[in-house]
Amino acid sequence: MNKEELIYLEKPNLNQPYLFMGFEGWPNAGEVASFSIQFLIEKSGAKRFAYISHDSFYEISSLRPLGIIKEGRLVEINFPTNHFYYSKSLLSKDLIIFQGTEPHLHWNEFVGHILNVAQSFDVSEIITIGGTYDYIPHHYPTKVSAVFNHDELREKILSAGIGLTEYKGPISIHTFILEEARLRGIKAISLWGHAPQYLQVKNVKVVLGVLERLIDLIDEDIDLSALQIASEYFDHQVNQLIEKDIKLKEIVERIEEAYKEEQRKVISYPSKESSKEDNVIYIQAFLKRQDEEEKKED
């Protein structure tokens with residue numbers, strides 16, 4: 001007997017909600033997707049009402065469960081999660097939020113479960129949130145681009161100040177969702193925040209930029225003041241790091257020049273002479289060192 005894969009904890013009464021979703025994994029550069037979705041869940045006080053079982057959709061050897069062991073005792077094991085939440089308070093419309101992990105296997109079945117939920121609650125529009133690395137200077141305004149599955153959405157996206165994506169290559173689960181949603185007659189948009197390639201860390205500034213564009217897109221009001229403060233602090237820390245390191249400063253200046261010259265076209269940087277390690281700022285290590293220095297001063 002096959003185990004049920006879509007499990008409901010309750011079935012709330014919702015009125016044509018939006019469905020926002022984000023995934024851990026490949027489409028989560030700068031933790032833009034996971035952080036944005038977690039922020040929306042916490043901000044809205046959303047309640048979990050359903051989930052998709054992990055059993056059929058992941059290669060455990062590639063995405064290993066996380067264990068918690070305390071003083072030699074196994075406390076718990078956590079598998080990849082895929083949860084649906086709902087909120088009736090954050091927006092003028094009801095809201096479903098999906099927080100998941102991009103599956104390795106059986107995309108048809110996985111996305112089928114998501115869209116079955118969307119159709120059962122008469123979702124008015126799907127918006128996915130993702131993060132991608134780009135050769136963009138960190139001190140420039142955040143770049144947010146979009147993919148859509150229905151012609152009526154084009155002007156809506158442009159009016160919100162969001163760029164239209166040009167891309168050819170391997171796709172994420174987001175693109176697959178858009179196509180399957182189109183076949184079911186559901187309008188869907190995929191928002192992408194572009195994180196600087198050399199900042200391999202949770203990027204609060206890009207998260208803020210994506211959520212600002214999301215607000216413009218749906219014409220709603222969400223308080224982002226806490227994120228704005230965090231973004232300013234993040235910028236300050238990154239600038240501090242770069243000012244202290246001549247090599248990093250040169251890298252950022254080269255990216256800025258290439259960015260200006262090519263005007264968002266594909267650029268040749270990094271050069272063959274520089275390795276990936278040379279182009280990545282491990283800011284977490286810097287923050288740890290900074291904390292240690294501040295403690296010594298105290």
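Observations on the structure shown:
- Top-ranked residue of region 182-219 - restricted to ones that are within 18 Å of I37 (Cβ to Cβ) and of a type in the set (G, A, S), ranked as surrounded by the fewest Cβ atoms within 10 Å (Cβ to Cβ): G209
- Test for E243: is it assigned to a helix (DSSP H, G or I), modelled with pLDDT of 60 or more, under 19 Å from I136 (Cβ atoms) and acidic (D, E): no
- Residues in region 115-157 that are closer than 18 Å to N28 by Cβ and either more than 19 Å from the chain's Cα centre (by Cα) or not in a strand (DSSP E or B) (or both): I136, T142.
- Number of residues in region 11-25 that are on the phi < 0 side of the Ramachandran plot and more than 10 Å from the chain's Cα centre (by Cα): the value is 9.
- Among (1) assigned to a loop (DSSP other than H, G, I, E, B); (2) modelled with pLDDT under 95; (3) at negative phi - the single one G169 does not satisfy: (3)
- Scan of region 158-174 for residues that are within 27 Å of N239 (Cβ to Cβ), surrounded by fewer than 19 Cβ atoms within 10 Å (Cβ to Cβ) and under 18 Å from the mean Cα position of the chain (by Cα), ordered by number: G163
- Neighbours by Cβ (under 6 Å, 6+ apart or cross-chain): first from region 52-70, assigned by TED's automatic domain parsing to the domain that holds P103; second surrounded by 14 or more Cβ atoms within 10 Å (Cβ to Cβ) and among the aromatic types (F, W, Y): H54/F79; F57/F110; P65/F79
- Test: residue in region 199-212 that is modelled with pLDDT of 95 or more, in the same structural domain as M21 (by TED's automatic domain parsing), closer than 29 Å to F121 by Cβ and assigned to a loop (DSSP other than H, G, I, E, B): no
- Among the candidates Q99, Q119, residue that is surrounded by fewer than 15 Cβ atoms within 10 Å (Cβ to Cβ), over 30 Å from R254 (Cβ atoms), assigned by TED's automatic domain parsing to the domain that holds E24 and at pLDDT 90 or above: Q119
- Just so you know, in region 60-96 the residues that are aromatic (F, W, Y) and buried (at least 17 other Cβ atoms within 10 Å of the Cβ) include one that is farthest from the chain's Cα centre (by Cα), and it is Y86.
- Taken over region 19-37, the criterion of being crowded, with 21+ Cβ neighbours inside 10 Å and aromatic (F, W, Y) is satisfied by F20, F23, F35.
- Within region 220-240, the set of residues being in a helix (DSSP H, G or I), loosely packed, with under 14 Cβ neighbours inside 10 Å and not polar (S, T, N, Q) comprises A226, I229, E232, Y233, H236.
- With respect to (1) without any contact (Cβ under 8 Å) to a residue 24 or more places away in the chain; (2) assigned to a loop (DSSP other than H, G, I, E, B); (3) among the β-branched types (V, I, T), the lone exception for I215 is condition (2).
- Among the residues of region 94-114, those that are part of a loop (DSSP other than H, G, I, E, B) and over 20 Å from E42 (Cα atoms) comprise E102, P103, H104, L105, H106.
- Residues in region 7-18 that are crowded, with 18+ Cβ neighbours inside 10 Å and assigned to a strand (DSSP E or B): 1 in all.
The values are calculated or read from the model by the stated rules, or taken from the named source; none is laboratory data. Computed from a predicted model, the values in this text were never measured in an experiment. Heads up, the Cβs are rebuilt from the backbone with ideal geometry, glycines too, and the neighbour counts pull from every protein chain shown.
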